[in-house]
Amino acid sequence: MKRIAFFLVLLASISFHARAQSVREKALIVNNAGDTLHGWIAYKNWRTNPVRFDFFPDSVSKNSITYQVADIRFFDITGHDQYIRAIISKDNRPVELPDLLPPSQQLLSTDTVWLRRLLYDGKVELYLFTDFKNHFYIHTDRGYAELDYRVSFRGSNMSIEKGYIKQLKMLLEGTQPLSLELLNEIDKARYREPDLVKVVKKINEALGSSYVERKSRSKVLTSFFTGVGGGYSSLGFSGYNPIFENMEFSGSFAAFATAGLDISAARNLQDLVFRLELAYTSIHYKGFGEHQTFIANPDRVKATYELKQTNIAPSIAIIYNFLRNDKRKVYAGAGMAYHFAFYDTNRYFTSSPLLGEKTQDNYLTLPKSWMGLQVKLGYKIADKWEIGLNGQLLGTFTNYVNWSLKPNTYTAQLRYFF
């Protein structure tokens, strides 16, 4: 349990460090004078809209300029997001329990912010500002207007007001013929980016307007991999058993092959990764020892135990890329593996002057499956190649009450990501 607690604390500290990381991405900015500058932006997690960023002349320079909202009209992070400066009216009413307010209470403010572009260059443009909640804005020839979405308490009941439905329908006033299908889609639209992008695109089409969609990166990224490797495995004994407690077990080479899938969120620069993996390992253990033939007999029995084990192990792990940029990532993580075990050899051999030689196959009753804790370290290059280290530290493949044999396996792997 102490080891498990240690690794949980380790992962928590890594997670905190990872969220403060940034990578440099190619970008252009437009300043207040209308000048366009090309360079690199320190692109951070930005689950919420930024209020400042560091701008570098190139990808390796240590010299940077910090820009705030008042300094920059527009900036484009290549392959990621575009932001435009705007003066907005913002509804600051909470939308989560237990902070909900009565419907009559207003919390409005005016602010100058960078809005993230979703749809633009049409009669109706769509933008997003995120602080403690999402604020969606439409822009028309009348300026910016927040799409209204309120959650409040009415007496003891929670009330949801979807004012944005009426706002979107009003944009269609005067269009002929009025599409009932589009009106139904607006009625069903949730206050979420995919739904609102879809209906605003169709509103522009109904108004005879073109538009440009700023494609957001998928919220979930998946990456398949395969790999090979090898390492070292040793076998440890704990508990009471007169035969095995006097044995010394030799370590051996462990062959390793793997295939799997990494799942990560796109908007946090893949700092957090869930890894689903299927691994194959083949290990050969030997133990050597001596014990007395009988209590009153001085003869010693030389004993050898041999175990050849093959494991097919599906696992799930949580990985944090605590150092990362556009070329490489360094990660640490932990997970659990469920081993389906096959035993090619399970043999106990004894030799003594009194009893002679004796071999017993299938000597131990061993389980067909067992679980273990894994820890991981790795270095990933250009999102294609990975050098990984894997440690199997906890778990036992014996099910005896008073004693157990515990494997400690360390492998190095080379993985390729498709």
Given Tyr67, Tyr83, which one is farther than 27 Å from Asp148 by Cβ, free of Cβ contacts under 8 Å to residues at least 40 places away in the same chain and buried (at least 17 other Cβ atoms within 10 Å of the Cβ)? Tyr67
When restricted to Lys90, Lys26, the only residue modelled with pLDDT of 90 or more and touching a His at 6+ places or on another chain (Cβ under 7 Å) is Lys90
Of everything in segment 42-58, what is assigned to a loop (DSSP other than H, G, I, E, B) and either under 20 Å from Asp271 (Cβ atoms) or without any contact (Cβ under 8 Å) to a residue 12 or more places away in the chain (or both)? Give them in sequence order. Lys44, Asn45, Trp46, Arg47, Thr48, Asn49, Pro50
Among the residues of segment 378-418, count how many are assigned to a strand (DSSP E or B), open to solvent by less than 80 Å² (accessible area, probe 1.4 Å) and within 21 Å of Lys368 (Cα to Cα). 9
Which residue out of Phe349, Phe340, Phe322 is open to solvent by 80 Å² or more (accessible area, probe 1.4 Å), in contact (Cβ under 8 Å) with a residue 12 or more places away in the chain and aromatic (Phe, Trp, Tyr)? Phe340
Residue, least open to solvent (accessible area, probe 1.4 Å), within segment 151-202, restricted to residues that are polar (S, T, N, Q) and part of a helix (DSSP H, G or I): Gln167
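Looking for something farther than 30 Å from Phe349 by Cα, part of a strand (DSSP E or B) and either at pLDDT below 95 or open to solvent by 40 Å² or more (accessible area, probe 1.4 Å) (or both) - is there at least one such residue anywhere in segment 233-254?
No, because not a single residue in segment 233-254 is farther than 30 Å from Phe349 by Cα, part of a strand (DSSP E or B) and either at pLDDT below 95 or open to solvent by 40 Å² or more (accessible area, probe 1.4 Å) (or both).
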Would you mind listing the strands (runs of 3 or more DSSP E) fully within segment 108-150 where at least 3 residues are at pLDDT 95 or above and crowded, with 16+ Cβ neighbours inside 10 Å? 108-120, 125-130, 134-140
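Is there a residue being hydroxyl-bearing (Ser, Thr, Tyr), touching a helix residue (DSSP H, G or I) at 6+ places or on another chain (Cβ under 9 Å) and farther than 24 Å from Phe253 by Cα anywhere in segment 295-311?
Looking only at segment 295-311, we keep the residues that are hydroxyl-bearing (Ser, Thr, Tyr), and these are 304-305, 310.
Still in the list and also touching a helix residue (DSSP H, G or I) at 6+ places or on another chain (Cβ under 9 Å): 305.
Now narrow it down to the ones that are farther than 24 Å from Phe253 by Cα: none.
Scanning segment 295-311 turns up no residue that is hydroxyl-bearing (Ser, Thr, Tyr), touching a helix residue (DSSP H, G or I) at 6+ places or on another chain (Cβ under 9 Å) and farther than 24 Å from Phe253 by Cα.
Filter segment 130-143 down to the residues that are under 29 Å from the mean Cα position of the chain (by Cα) and over 18 Å from Arg190 (Cβ atoms) and list them by number.
Result: Asp131, Phe132.
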Answer yes or no: is there a residue in segment 280-290 that is modelled with pLDDT of 95 or more and either crowded, with 20+ Cβ neighbours inside 10 Å or assigned to a strand (DSSP E or B) (or both). yes
Quick check on segment 203-218: of everything there that is of a type in the set (D, E, K, R) and surrounded by 15 or more Cβ atoms within 10 Å (Cβ to Cβ), which residue is modelled with the lowest pLDDT? Arg214
Taking the residues in segment 63-104 that are assigned to a loop (DSSP other than H, G, I, E, B) and charged (D, E, K, R) as candidates, determine which candidate is farthest from Glu193 (Cα to Cα). Asp99
In segment 219-226, is there at least one residue being closer than 30 Å to Thr396 by Cα, surrounded by 19 or more Cβ atoms within 10 Å (Cβ to Cβ) and in contact (Cβ under 8 Å) with a residue 12 or more places away in the chain? yes
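The values are calculated or read from the model by the stated rules, or taken from the named source; none is laboratory data. Model, not experiment: these values are computed from the prediction. Positions of Cβ are backbone-derived with ideal geometry, glycine not excepted, and every protein chain shown enters the neighbour counts. Side chains included, ligands, DNA and RNA excluded: accessible areas come from the protein's heavy atoms. Shrake-Rupley method; radii C 1.70, N 1.55, O 1.52, S 1.80 Å.
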